[in-house]
Amino acid sequence: MMKCRKCNQKAVINMRHHKLSLCKSHFLEWVGDQTERNIRKYKMFTRNDRILVAVSGGKDSLALWDVLNKLSYKTAGLYIHLGIPGEDHYSTKSQILTEKFASENQLLLHTVNAKQEFGKTIPEFSESNKRAKSKPCSVCGLVKRHTMNEIATKYGYDVLVTGHNLDDEVSVLFNNVLAWQVDFLRRQTPFIPAKVGLTPKAKPFCRFYERETAAYAFLSNIEYITDECPFSEGSTTLQNKELLNQLEHKRAGTKLAFYLKFLNAKKELFPEHEIDHFSDELFPCAVCGQPTTAPGKCTFCRMVIRDQELT
Ligand code: Q46
Ligand code: ZN
Ligand code: ZN
């Protein structure tokens, strides 16, 4: 029987990469401690800050909201209904689970419905957008980024947090290395500080394996959506995750080392001023006012306005 390193009781999880087995209560405590450590290490936020947690109804974001709430951070949630269908009405089901979590924990939840707010669901936007056809994820990312920053700015939140875990970060890193996307590598970081019109963004779960966030959600009795978004099927992200899992299986700790060594190497790869995400010149969008890289309308407004003109 696997024993907890701290109390010698039966362990519920064995983390080979940390050479650590823990029982339920010590594992839940460990997740809280490690989250706190990440928040401090990357100087993400403090207990005086108002934090907006982007929640999708999945295990990572709900687990993150739960941990931050238990650590006594001041949080509220943001759920974006993207109008994604699927066997079980993916978006509607995830909204119900998110609302349930918020009400059980008496937490404020902002909800934005893409169809009501911008006139179309993600599949509809994707359908009418030549460039994005068959790639709803690029439209989806655009809508999410715009909405998250809009709500964070409108209600004066100090920081926006997302539930990205180590597997997500490593998959993106792997992709960027394969294509040598130097600019994306430069920007990949657990914390992006503020710039005029842009709320800081943090990923406090960036050092947790997906298996650990799933175990946390399960052991904490959090009800989350277990279905994957139907558009994620066959995605590069999933393919990368599969490959990386094979490497991890052969050598425990590969994913964590790849990510942490990358964060360290960044100091040498990119001079200090280049790492600063905010050295990029930004202009306020002529329509929504959110920062954009070129004068005129931002990509989001160009897409929404063009779609409104088409209908
Ligand atoms: S929700 Fe949206 Fe993801 Fe679905 S459409 Fe793609 S990006 S896969 S995180
Ligand atoms: Zn224990
Ligand atoms: Zn705009």
Classify region 1-86 as rounded, prolate or oblate, taking a ≥ b ≥ c as the square roots of the eigenvalues of its Cα gyration tensor: rounded when a/c is under 1.5, otherwise prolate if a/b is larger than b/c and oblate if not. oblate
What nm value, rounded to one decimal, do you get for the distance between Glu117 and Phe218 when each label is placed 7 Å out toward the C-beta? 3.3
Cα gyration tensor of region 197-246, axes a ≥ b ≥ c as square roots of the eigenvalues: rounded (a/c below 1.5), prolate (a/b > b/c) or oblate? rounded
To the nearest 20 Debye, how big is the dipole of region 1-160 about its Cα centre, given +1 on the beta carbon of each Lys and Arg and -1 on that of each Asp and Glu? 780
Paramagnetic label zone (point 7 Å from Cα along Cα-to-C-beta, Asn8; backbone N under 19 Å) in region 18-37: 20-27
Sites Leu282 and Ala252, calculated FRET efficiency, Cβ-Cβ separation with R0 45 Å, nearest 0.05: 0.60
Helix 236-250 versus the longest principal axis of the chain: what is the Cα-based angle in degrees, 0 to 90, to the nearest 10? 20
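Report the charge-dipole magnitude of the chain in Debye, nearest 20, computed about the Cα centre from +1 at each Lys and Arg Cβ and -1 at each Asp and Glu Cβ. Write down the numbers at each step before the final one.
Working: 44 positive and 35 negative charges, 194 e Å.
Here the size comes out at about 940 debye.
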Using 0.36 nm per residue of separation minus the Cα-Cα distance, give me the extension gain between Val177 and Arg37 in nm, one decimal. 47.7 nm
Using R₀ = 35 Å, calculate the FRET efficiency as 1/(1 + (r/R₀)^6) where r is the Cβ-Cβ separation of Met1 and Thr299; round to 0.05. 0.05
Per residue, how big is the convex hull around the C-alpha atoms of region 50-172? Give it to me in cubic angstrom, could you? 118
Suppose a student asked you for the relative contact order of region 57-209, using Cα pairs under 8 Å spaced at least 6 residues apart; what percent would you report? 21
Quick one: angle between helix 24-41 and the longest Cα principal axis of the chain, in degrees between 0 and 90, rounded to 10, please. 50
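Per residue and in Å³, how big is the convex hull formed by the alpha-carbon atoms of the chain?
Output value, Cα hull per residue: 148 Å³.
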Taking H placed 1.01 Å from N in the peptide plane, check which residues at least 5 places from Val12 or on another chain put their amide H under 5 Å from its amide H. Leu22, Cys23, Lys24
Could you tell me which residue out of Cys7, Pro85, Asn149 lies farthest along the dipole of the chain toward its positive end? Charges go on the beta carbon: Lys and Arg +1, Asp and Glu -1, centred on the Cα centre. Cys7
What relative contact order, as a whole-number percentage, does the chain give when Cα pairs under 8 Å and 6 or more residues apart are counted? 18
Using θ = phi - 60° and the Karplus curve 6.51 cos²θ - 1.76 cosθ + 1.60, what whole-Hz ³J(HN,Hα) does each residue of region 196-205 get, with Gly and Pro shown as x? 3, x, 10, 6, x, 10, 9, 10, x, 9
About the Cα centre, and with charges only on the beta carbon of Lys, Arg (+1) and Asp, Glu (-1), how big is the dipole of region 91-218? Nearest 20 debye, please. 460
Row for region 117-226, column shape: gyration tensor on C-alpha, a ≥ b ≥ c, rounded if a/c < 1.5 i.e. under 1.5, prolate if a/b over b/c, else oblate; value rounded
Ordering 56-63, 73-80, 6-13 by per-residue average of other C-beta atoms within 10 angstrom, highest first, gives 56-63, 73-80, 6-13
Using alpha carbon centers only, region 72-100 is separated from region 178-217 by a whole-angstrom value of 21
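At a Förster distance of 45 Å, what's the computed FRET efficiency of Thr226 paired with Lys261, Cβ-Cβ distance as r, to 0.05?
According to the calculation, E is roughly 0.90.
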What ranking do 154-167, 240-253 get when scored by the average of other Cβ atoms within 10 Å per residue, highest first? 154-167, 240-253
Fully extended, how many nm does the chain gain between Leu20 and Leu269 (0.36 nm per residue separation, minus their Cα-Cα distance)? 86.4 nm
Just to be sure I understand: if I project the alpha-carbon convex hull of region 153-213 onto a plane and average over all orientations, what area do I get in nm²? 4.9
Angle between the chain longest axis and helix 299-310 axis [Cα atoms, degrees, rounded to 10]: 50
Mind checking which of Glu223, Glu99, Glu281 has the largest fluctuation in a GNM of the chain, springs on alpha carbons under 10 Å? Glu281
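Only the coordinates and a few stated rules stand behind these numbers; no lab work does. Note that the coordinates shown come from a computational prediction; the quantities given were computed from them, not determined experimentally. We place every Cβ from the backbone using ideal geometry, glycine too, and count neighbours over all the protein chains shown.
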